[in-house]
Amino acid sequence: MADRDALPLPLEVRARLAELELELSEGMEASMAHERRPPMAPSAASRYHRRRSSGTRDERYRSDVHTEAVQAALAKHKERKMAVPMPSKRRSLVVQTSMDAYTPPGLSPLSSLPPLTDTSSGSEEEGGGGQGEGTPTSSQGSVSMEHWISRAIHQGSTTSSSSSSTQSGGSGAASRLADVLAQTHVGKSGPIGHLSLKRKTLLGVAENGHSLRRSCEFGSDLLWPPPLESDENHSAPPDVTTYTSDQPTQVERPHVSTVPRTTPKYGNAELMETGDGVPVSSRVSAKIQQLVNTLKMPRRPPLREFFVDDFEELLEVQQPDPNQPKAEGAPMLTMRGDQLGVVTNWPPSLEAALQRWGTISPKAPCLTTMDTNGKPLYVLTYGKLWTRSIKVAYNILHKLGTKQEPMVRPGDRVALVFPNNDPAAFMVAFYGCLLAEVVPVPIEVPLTRKDAGSQQIGFLLGSCGVTVALTSDACHKGLPKGPTGEIPQFKGWPKLLWFVTESKHLSKPPRDWFPHIKDANNDTAYIEYKTCKDGSVLGVTVMRIAMLTHCQALTQSCGYTEAETIVNVLDFKKDVGLWHGILTSVMNMMHVISIPYSLMKVNPLSWIQKVCQYKAKVACVKSRDMHWALVAHRDQRDINLTSLRMLVVADGSNPWSISSCDAFLNVFQSKGLRPEVICPCASSPEALTVAIRRPTDDSSQPPGRGVLSMNGLSHGVIRVDSEERLSVLTVQDVGTVMPGAMMCVVKPEGVPQLCRTDEIGEICVCSIATGTSYYGLSGMTKNQFEVFPMTGAGAPVSEYPFTRTGLLGFIGPGGLVFIAGKMDGLMVVSGRRHNADDIVATALAVEPMKFVYRGRIAVFSVTVLHDERIVVVAEQRPDSTEEDSFQWMSRVLQAIDSIHGVGVFCLALVPANTLPKTPLGGIHLSETKQLFLEGSLHPCNVLMCPHTCVTNLPKPRQKQPEIGPASVMVGNLVSGKRIAQASGRDLGQIEDNDQARKFLFLSEVLQWRAQTTPDHVLFTLLSSRGAILSSLTCVQLHKRAEKIAAMLMERGHLQDGDHVALVYPPGIDLIAAFYGCLYAGCVPITVRPPHPQNIATTLPTVKMIVEVSRSSCVMTSQVISKLLKSKEASAAVDVRTWPPVLDTDDLPKKKPPQLYKPSNPDTLAYLDFSVSTTGMLAGVKMSHSATSAFCRSIKLQCELYPSREVAICLDPYCGLGFVLWCLCSVYSGHQSILIPPSELEVNPALWLLAVSQFRVRDTFCSYSVMELCTKGLGLQTESLKARGLDLSRVRTCVVVAEERPRIALTQSFSKLFKDLGLHPRAVSTSFGCRVNLAICLQPHGLGKLADQGTSGPDPTTVFVDMRALRHDRVRLVERGSPHSLPLMESGKILPGVRIIIANPETKGPLGDSHLGEIWVHSAHNGSGYFTVYGDEALQSDHFTSRLSFGDTATVWARTGYLGFLRRTELTDASGERHDALYVVGALDEAMELRGMRYHPIDIETSVIRTHKSITECAVFPWTNLLVVVVELEGSEQEALDLVPLVTHAVLEEHYLIVGVVVVVDIGVIPINSRGEKQRMHLRDGFLADQLDPIYVAYNM
């Protein structure tokens, strides 16, 4: 440490060093970033701008162009202020990145720095530190909004709007946190910012002392600004999906004024005032309001042409901008380098050079290595290098394997695994391989079994056939070991023998053995690995002649001479470090001082100190090394760089290295550094050194500079920057073509055609000194190493092949080469080219808040909807607050938009040190991208802006006017197609010996059964153990019903026609009470009892049904009657207003005087009350005739006779479930085995065991029951089989539902239980709705059972095109085709039911295969709504609709469901063609978005597939924004991973942009008893802030 102790580093520098660990990065150059400014008073800002040569930390070490550009771009946004909702996050998610978690030693947390004013770097005048643009006053803020809007309209400009943080002068976090007002901006195509609302329970003092929970309440907060022109009711939320920009924009945007700083702030958003001056508390309502306003800003201009995405949904094609710059220069010529002047005494090969120096001057130093204190650790002389290399060569060839079967022969490949601090061992092994004529493959040391990218290295070793790895003793000891001490096989690696090359472990070669030293030939010398953009690792083979020629070319261009000293900071295993520090140095007998990475971490100045100490002539560095030298540099008086004649900047081709070179020169010029010494070079693994600036003695010739317009570059054209100084790229030349090489520039895509002189293209080189192939990959080799560039006329420019370098650039005046980017970093977004490095630099130039580590930003593109979209991922500092990061992110988005004119799809911040690293500490880009795509990046902040960058969505659909009826109806054809109508069997023509038919009323059927078959068991109720709890015979039921009727008349004093609410658990009491009501002439209403553990939410529903149904009394069991009047109940409802409650546990002994007989079959039998999925409570009136017709229809369809047993696992409160539970047995006489679904929660196998035990042929269940069995018993099929569970007798298993069949669930159920004998055709579905409780019900005739029952055809599944469905058309496609959606038929139409498909708007009949509303006509339709709660006049036409043309006489009931009919080829038992009904979804639930009709379930299916942690999902629209709610199973850290995935999937599959993503806990999405999602309840809960979300993200 001597060098450092002499000059103690200042506190701040030590703090920087503490962070170098993180910033140390290979891939993204640190030079692009900017230092955090030192803590200083705002008044110091003016001094800050003066150039100082004193070299203190105030100096701004960089070329100012880019920073100024970014600052100016942001300043442009500053005038305009727009509030955008900030994400909200649960507190537990905030903790992980809290400030105390990490503070570098000796550095106070960020919060103690006073906020710095944001003075734009452009203002160099003295008074820059006063008010500056940092604090716009409220008057400026309020004016700017109007000003901006009018500007946007008049000029049609699309510049961005933003609000800056109103920075207060006070210090500390509290005053700043509250000031963060998020920025959004309208880029080329609309606003951005995916704001996330993260759950925070307490933010404590940080938020101005308000420990408020941020809420998202709507209710009264929701104030829409009134439209200025119209006087009509303006409570309707505005439409935010308008795409035209020709409306007067001022009208629709509320005026958001900037409130002066005294306003109290809630959470993190200021109070906003809406247009009418009413303050809106900034909760979700305000946030969504802002979102809506932002989304209504003028959008992109309408585009004229489209390309077809194989159907009507046309994705817009980006049209070329007619004003875009085009190349106008002359076609370029190939450039030749100087002649390679072979000096006579140059050795014929590198081994020969080594032999020469090792024998002539064995004492000459070859390599000096340093320890971490900067002390020389070891000096390797040429003599030692020579003898040890021979020893290694001998041992590799003779001591591995046996004499007869050596493991390694000349030409084989071996891996070299050496750590970065041991160049001497590496050098010995490398030359040992060259002497033995084996091919070294240098790779990084694998640290763990699953390093980022290590698997790919393994694939390379495998494909190279590597079986031996050479390594050093220390490295071998440090490798991970298995329990027995052997080195485990790394993931993806071949089996390796590890061979230690230290001399003491090797045998001495015999006297007579000597390596064969040849002249350089075409054999492979070594293989250098290269990681591609997609993460795959390729091996570039370099021939011996290429290696030698390359060394000669470098010697000539760098002017190397014997015994020069060279300081090398680079990685010596590959690239520039290998070429200069290991190969060329030996050719010229130079002395290399190798500075390890570990020393640079401790003392970034070490390389400069070594240059001084050894009077080195040459140093090889990267721009980051220059940058750190500046960071750690103080007035060190003893620095003298006059000895340097050449400073090779290895990454000089990186467009941003220029700033490091400038800043370095700026500071060290006074220390003897001459400007002409800095020599940037360009290189690539394939072409080796492409170009290098020559060291000259003439300082008069300035190096080449180009200031290029970014816009021009994005179109591939070189334009020297014009008036707009904001978006420019300054590049420096990397010298001229290498000696002995030819260079040209070809178009990056397609045929390798020569570019024009003012075009950017890929640089190609023709030279002996390049790589020759990718090992083992002939196809890729041909594309990369055997390119024949063509002239415009199509003639090749040379007979020799060129090698593509992977570098983008051009050849400027004087033959100077300029590099503008890399092919790997190229992203083509809607036809324009952007370079990842440029975008990184822009992000880092958003300087005032240092939130991200400078080397730790990854930029890549992902493909969404046929175009590349940009993703930016950065590691944020642990001390940055949520608000600060958010502010930084918003500013980055603006800066990228202003400077590059491109929108960012997603910006994610991850906690410090969590991105996958390359071995040298840089970010492993492809692994990062992989983590992002698979949803395991775990960001702590995400901002998505799909609205800005997805500009190729299909046009919103315009509804076509309907064609008039006269032109379309011909007979029963509609527009050339058969009218979509179908019917079940005709009841009149079915001959059956149905005794029950002669009775009009169910009560009479029961009396008849009690007389004729008194002891026949009708009902059996099972307990959760599967034992019989109770059963009822015909006569028992009759007697019990009589007693109940007597009680109703006596105690209840009820008249006939009075309504009675039956509040019973599922069971036999419910059935008896129902018939008791019929006997007494009362109208029963079955009501689900309140849940004792959840009275507060379930009891109000019970109360509501009792009130709405106008029940005169409540009948129930003793337990429930106590519950209804309990203390808990009185907290939920007013218990004094219950009607009389009768408990039926103690019945009177006598029977009623006489049983009631209804006078007219059309009178009311019972009321069927249920809550629809949209949250509507409705009671349907069922008459006696409809009830009997219903029972008969089911009896005929399912062939039910007294001898049958049917197992029912359904809720008995409404719909078909109630009918099957209570009515069918009495009508048909079969025995019903009743299984309450709630018992399955205790014992999931109960239902299937009962079916097996009672040998049931027919069973009915619900989807929730099926799901319980699938999830709960999935792994237990073997043990169930052992318990004797046998389902082979099941003929039909019908799922009772009011929705589209859940095909995935029924199929997985069938597959799971196939082993237990369940026939795959047994499972089918039914369909019923409010107006008709069962329309389809499919009993199957299984082949072998056909003699015993009906032979219904198989339920057919069709695949329809999802995109056509959105346009209400049905287009059948093949299974597995893109956008296909499987639909299963809903069962066979019941006897006596007629169906027609009608247009829900015009009520006209539709043709086959058109999607329309299902209308039904049957004897068992309901006769009307009793009352629909909350809307008396609602849907009177639901039960009595007529077609607008065609058959206008028939009265139909409208089901409210969309579906279609399809005549299948199958015939049923009677030989008729079978018409299949396909239900697509409820009209109420369907969402109209962008003019198309979407069904929530389809979007939900896509979302659930995106990530393993999403267990359930529900979507609903909110003012034309799509809101997606996902339930997260797993850690809350995964919540933010879901946001990009969900947005991506919905865009890709549905062409919709998700507006809000809400991540919640499991069980938050409400589901009703039928297992249907209650999306509207969820929506109300979201708007009322009752979901307690983990994370809410607003996609701007």
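The values are calculated or read from the model by the stated rules, or taken from the named source; none is laboratory data. What you are looking at is a predicted structure, and each value in this text was computed from that prediction instead of being measured. Every residue, glycine among them, receives a Cβ derived from its backbone with ideal geometry; neighbour counts consider all protein chains shown. Just the protein is used for accessible areas: all its heavy atoms, side chains included, with ligands, DNA and RNA removed. Shrake-Rupley method; radii C 1.70, N 1.55, O 1.52, S 1.80 Å.
Between the amide H of residue 687 and those of 771, distances stay under 5 Å, these residues lying 5 or more places away or on another chain, with hydrogens modeled in the peptide plane.
Spin-label model, residue 1159 to residue 326: label points 7 Å out along the Cα-to-beta-carbon direction sit 9.1 nm apart.
Our coupling estimate for the stretch 1493-1509, obtained by passing each phi through the Karplus curve with A = 6.51, B = -1.76, C = 1.60 and θ = phi - 60°, is 9, 10, 9, x, 4, 5, 5, 4, 4, 4, 5, 4, 6, 6, 8, 5, 8 Hz, Gly and Pro reported as x. Distance from the Cα centroid of the stretch 1438-1466 to that of the stretch 452-497 is 71 Å (rounded to whole angstrom). With a Förster radius of 41 Å applied to the C-beta separation of residue 447 and residue 1134, the computed FRET efficiency comes to 0.05. Taken along the Cα-to-beta-carbon direction at a fixed 7 Å, the label points for residue 694 and residue 474 span 4.1 nm.
Spatially, the stretch 1258-1294 and the stretch 1353-1397 are offset by 27 Å when compared through their Cα centroids. For the listed peptides 1586-1593, 1129-1136, a ranking on the average number of other beta carbons within 10 Å per residue, highest first, reads 1586-1593, 1129-1136. With 0.36 nm allotted per residue and the present C-alpha distance subtracted, the residue 1203-residue 1096 stretch has 34.0 nm of extension available. Sorting 333, 915 on solvent-accessible area from highest to lowest, probe radius 1.4 Å, gives 333, 915. For residue 1019, the residues whose amide H sits under 5 Å from its own are 1032, 1232, ignoring neighbours fewer than 5 places away on the same chain, with H placed 1.01 Å from N. Under 15 Å from a point 7 Å along the Cα-to-Cβ line of residue 1118: which residues of the stretch 1131-1155 have their amide N that close? 1142-1148, by backbone N distance to the label point.
Backbone amide hydrogens, once placed in the peptide plane, bring residue 1512 within less than 5 Å of 1527, excluding anything fewer than 5 places away on its chain. Panel note: the C-alpha atoms of the stretch 731-770, placed on their principal axes, show extents of 27, 25, 13 Å (largest first).
For the pair residue 1289 and residue 518, label points projected 7 Å from Cα toward Cβ lie 8.5 nm apart. Here the Karplus relation 6.51 cos²θ - 1.76 cosθ + 1.60, evaluated at θ = phi - 60°, turns the backbone of the stretch 1287-1295 into coupling constants of 10, 6, 7, 5, 9, 9, 10, 9, 8 Hz, with x for every Gly and Pro. Taking all protein chains as shown and a probe of 1.4 angstrom, residue 1176 keeps an accessible surface of around 70 Å². In the assembled protein chains, residue 1457 presents an accessible area of approximately 30 Å² (probe radius 1.4 Å).
Measure out, as a whole number of angstrom, how far apart the alpha-carbon centroids of the stretch 1295-1321 and the stretch 1045-1092 sit. With the stretch 1295-1321 and the stretch 1045-1092 each reduced to a Cα centre, they are spaced 36 Å.
Computed with a 1.4 Å probe on the full set of protein chains, the accessible area for residue 405 sits at about 120 Å². Remark: accessible surface ordering of 938, 550 (largest first) is 938, 550, probe radius 1.4 Å. In order along the stretch 578-583, the Karplus-derived 3J(HN,Hα) couplings, from 6.51 cos²θ - 1.76 cosθ + 1.60 at θ = phi - 60°, round to 5, 5, 8, x, 10, 8 Hz, and Gly and Pro are given as x.
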